[in-house]
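Student: Okay, handing you the structure first.
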Amino acid sequence: MNGSTENRAQGASEKPGRRPSVYNLATARRMLPLVQQVVSDVICHRRLLAQLRPEQWRLDRQGRTLAWPERSRRYQIQEEIATAERNFQEALAELTGLAVVLLDPVVGRVGFPTVVNNRQAFFSWQLGEEGVKHWHFPEDDNLRLIPASWAKTANMRLTAKSKTED
C-alpha cells in the first residue's frame, strides 16, 4: 500500500492461530466467508430483538391485568430475548476474536483493520456485497474503491496460497 506494489499491511501476520490486528487484502478476502456468516448472525439476532422487545414492553405495561395466555407469552418472550441477546453477544465476540470491527450493525458493515500510508484504515465490506472492494480511514465515512494494484497483489497471494495447499 504506501505506494508500493506489495499489498501487505504493516505488521500483518499470516501465522496460523494468530489473529493479526492489521490485515492485508488477501487475508481479508480469505476470511470473508466466515465473517459473512457471523455478520448474518449479528443482523438476524438484532432483528429478532427488535421484533420481540416491543411485544415485551406491551406485555410488561399490562402486567397484572394479563390473562394466563398473555402471562405465559410474557415469560416465553423473556426467554426468547435472553437467548437472542446471548447469541447476539456471542456473534459480536466472535467478530472481536477475529479482530474485525462492526462498523454499522444496522446494515452489517464491517472493517478489517489495515494500514494505508502509515495511517490506520479499514478494508470495508457490507452484508450483500460480493467481496471486499472498498477501504476507508476510520474517521472518514467515504468508501474508496480498492486500487487495481492492491487487488492484483491480493489475487497473486490467493493464487499462491491455494497452490501451496493443493
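The values are calculated or read from the model by the stated rules, or taken from the named source; none is laboratory data. Here the structure is a predicted model, which is why all the values come from computation and not from measurement. Quick reminder, even Gly has a Cβ in these numbers, built from the backbone with ideal geometry, and neighbours come from all protein chains shown. Note: accessible area is taken over every heavy atom of the protein model, side chains too, but ligands, DNA and RNA are not part of it. Shrake-Rupley method; radii C 1.70, N 1.55, O 1.52, S 1.80 Å.
Student: Might you let me know whether region 126-133 holds any residue that is of a type in the set (S, T, N, Q) and within 15 Å of the chain's Cα centre (by Cα)?
Tutor: For region 126-133, residues of a type in the set (S, T, N, Q) and within 15 Å of the chain's Cα centre (by Cα): present.
Student: Only one residue in Val132, Val101, Val110 is surrounded by fewer than 16 Cβ atoms within 10 Å (Cβ to Cβ) and in contact with a helix residue (DSSP H, G or I) (Cβ under 9 Å, 6 or more places away or on another chain). Which one?
Tutor: Going through Val132, Val101, Val110 in turn, the sole match is Val101.
Student: Further question on the same structure: Would you call Arg73 without any contact (Cβ under 8 Å) to a residue 40 or more places away in the chain and open to solvent by 80 Å² or more (accessible area, probe 1.4 Å)?
Tutor: Here the answer is no, as Arg73 does not meet what is asked.
Student: Hey, does region 77-88 have a residue that's at pLDDT below 90 and part of a helix (DSSP H, G or I)?
Tutor: Scanning region 77-88 turns up no residue that is at pLDDT below 90 and part of a helix (DSSP H, G or I).
Student: Is one or more of the residues making up region 59-67 over 30 Å from Glu129 (Cβ atoms), out of contact with any strand residue (DSSP E or B) (no Cβ under 8 Å at 6 or more places or on another chain) and of a type in the set (S, T, N, Q)?
Tutor: Looking for residues that are over 30 Å from Glu129 (Cβ atoms), out of contact with any strand residue (DSSP E or B) (no Cβ under 8 Å at 6 or more places or on another chain) and of a type in the set (S, T, N, Q), one finds at least one in region 59-67, hence yes.
Student: Could we say that Pro147 is within 14 Å of the chain's Cα centre (by Cα), under 27 Å from Val22 (Cα atoms) and surrounded by 12 or more Cβ atoms within 10 Å (Cβ to Cβ) here?
Tutor: Criteria not met by Pro147.
Student: Moving on. State whether the residues of region 112-121 include one that is within 17 Å of Gln36 (Cβ to Cβ) and without any contact (Cβ under 8 Å) to a residue 40 or more places away in the chain.
Tutor: Looking for residues that are within 17 Å of Gln36 (Cβ to Cβ) and without any contact (Cβ under 8 Å) to a residue 40 or more places away in the chain, one finds none in region 112-121, hence no.
Student: Follow-up question, since we're still on this one. Counting just the residues of region 26-70 that are open to solvent by less than 30 Å² (accessible area, probe 1.4 Å) and of a type in the set (Val, Ile, Thr), which one comes out farthest from the chain's Cα centre (by Cα)?
Tutor: Ranking the candidates gives Thr27 first.
Student: Within region 90-102, identify whether any single residue is over 12 Å from the mean Cα position of the chain (by Cα) and modelled with pLDDT of 95 or more, and answer yes or no.
Tutor: Looking for residues that are over 12 Å from the mean Cα position of the chain (by Cα) and modelled with pLDDT of 95 or more, one finds at least one in region 90-102, hence yes.
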